[in-house]
Amino acid sequence: MSGHTHSALPSPPRPSVNGAPRPASASGSVDAAALPGTGEPLSAAAEGMRDALRQRLSVWLSTRVRAAGASGQPRPAREEQKAEAVAFLADAAEEYAGQQLTRGQPVLGAAEEQRVITAVINDVFGLGGLHPLLAHQEIENININGCDQVFVRYADGRREQAPPVAASDEELVGLVRDLAARSGVEERHFDRGSPGVSFHLPGGERVFAVMAVTGRPAVAIRRHRHQRATLAGLRRLGTLDAHLEALLAAMVRARKNLLITGGTGAGKTTLLRALAAEIPAWERLITIEDTFELGLGTDRQAHPDVVAMQAREANIEGEGEITLAELVRWALRMSPDRVIVGEVRGPEMIPMCNAMSQGNDGSMGTLHSSSSAGAFTKLAAYAAQGPERLPLEATNLLIASAVHFVIHLDAARDVPNQRVVASIREVVGAEDRQVISNEIFRPDPVTGRALPGVPMRVETLEGLRAAGFRPEAFTEFRGWGG
């Protein structure tokens, strides 16, 4: 790397931590390879430091990349950037330790502190050229059509083309392969024998990539900016109003089975997390996903008893597949208080409805649908794919006995790029060839936001009243914010 880059962006000095010298290379810069490994789990205090240092490093790297771009300087080589990041973390760790001492909190020993630095480096630099994009908190979607065709969408709806994330398509495939191999509870392959792969990144971002079946490798990354969502937080964001917040919270407390619908990127998973935040901490939750995304078990205070299960693809011999439907059946043998299915998209619909109707009230799931009414048709289509081959009449009876409410998310019509609760349906039964439901909240024709519609059944209202909801809120409703 040319010297003028260093003169414009010098590396920070490397003091000691708790009296222990920093490992350094022969050139005097910190050598990441010299740091101890991270085989053992970090302590809670170390994890707190890890989160703080990771955030600081992300900001620092983003600032450096922007500064280098503005001055026309080339991007630092990966290994050199990595070594400079370790040096930065040495200073950041010293500062963090000082802050902990000021607060009267315990300070990590030198060895554990070095393990934290190694963990942060692995977290950040394991992402390769994706890191600058993932470090930008306002980017929601990253779409890559070959190494140099990168497009991002921001939270406000803006779309822009971004710099290349790899030097070649081969390097991009290698990056995806490495990330997939380290994701989840088992390795996921990405090659001509397995040309499609779905996995999640350490920060919770969901990745899907394809190769061989396209002219160039393509990658789609979706991120959830609100990992720990609450209904109150969604109210502040404008997704719902105070009346809907109270109603949805009461539904959870009353152990109603909820199905969240909407299009791609409508915020279904975020709303599911917010609803789950209303579940009492003592309840045992079993979550079932194609790719780990919900992360309910990461907050041990809110959800101490969580078992997260992930579907498994077949191996190259076509064996070993474990489907979502099978996982739902397994979940029922694990003494759950509630079963939460991240996304219903196939034959797992039948065991899920069986779970909901056989004593596991309060269960939840999400479903892609363009309307709340369309959810029932989608569920019937999925049921037809299952080995049970239920006729439509039996399917509708199963749905009506399992699902209590359908909550639909859609784009607001009065605020660009705003996702809102647009419709809520109460399922009341089934007859002939259809599920019968009342749209108790329907989209406002001007704003698209949910407004009171058909009155809820008396017995349902009484159940919600027992859970703390005030039915009078329906008559008091004067519109969002009213």
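A short reminder: the numbers here are calculations on the coordinates, not readings from a lab. What you see is a predicted model, and the numbers here were worked out from it, not measured in a lab. Using ideal geometry, Cβ is built from the backbone for each residue, glycine included, and neighbour counts are taken over all protein chains shown.
Normalised radius of gyration for segment 231-476, please: alpha carbon Rg relative to 2.2 N^0.38 Å, two decimal places.
On the way: Rg = 17.5 Å, N = 246, 2.2 N^0.38 = 17.8 Å.
Rounded to two decimals, the normalised Rg is 0.98.
Sites listed here are trypsin sites (Lys or Arg not before Pro) in segment 374-482 whose DSSP assignment is loop and whose Cβ has at most 16 other Cβ atoms within 10 Å: ARG389, ARG413, ARG433, ARG457, ARG478. Over every Cα atom in segment 134-222, the radius of gyration and the widest Cα-Cα span, Dmax, amount to 12.7, 39 Å.
Solvent-free Debye calculation, one equal scatterer per alpha-carbon of segment 401-482: log10 I(q)/I(0) at 0.11, 0.12, 0.14, 0.26 Å⁻¹ equals -0.34, -0.41, -0.54, -1.28. The share of C-alpha pairs in segment 201-306 whose separation exceeds 22 Å stands at 38 percent.
For chymotrypsin sites (Phe, Trp or Tyr not before Pro), the sites in segment 244-339 that DSSP calls loop and that have at most 16 other Cβ atoms within 10 Å are TRP282. Here the calculated FRET efficiency for ALA110 and ASN438, from their Cβ-Cβ distance with R0 = 60 Å, stands at 0.40, rounded to the nearest 0.05. For trypsin sites (Lys or Arg not before Pro), the sites in segment 294-339 that DSSP calls loop and that have at most 11 other Cβ atoms within 10 Å are ARG300, ARG333.
Name the shape class, rounded, prolate or oblate, that the alpha-carbon gyration tensor gives for segment 262-345, where a ≥ b ≥ c are the square roots of its eigenvalues, rounded holds for a/c under 1.5, and otherwise prolate holds if a/b is larger than b/c and oblate otherwise. Verdict is oblate for segment 262-345. Let a ≥ b ≥ c be the square roots of the eigenvalues of the Cα gyration tensor of segment 300-396; is it rounded (a/c under 1.5), or, if not, prolate (a/b larger than b/c) or oblate? Taking the square roots of the gyration eigenvalues as a ≥ b ≥ c, segment 300-396 is oblate.
Where Rh is the Kirkwood radius over the Cα pairs of segment 80-170, the temperature 37 °C and the viscosity 0.692 mPa s, what D in µm²/s does Stokes-Einstein return? Roughly 210 µm²/s, to the nearest whole number. The stretch between ASN417 and GLU388, if pulled fully straight at 0.36 nm per residue, gains 6.4 nm over its current Cα-Cα span. Label sites at LEU332 and GLU94, each approximated as a point 7 angstrom past Cα along Cα to Cβ, lie 6.1 nm apart.
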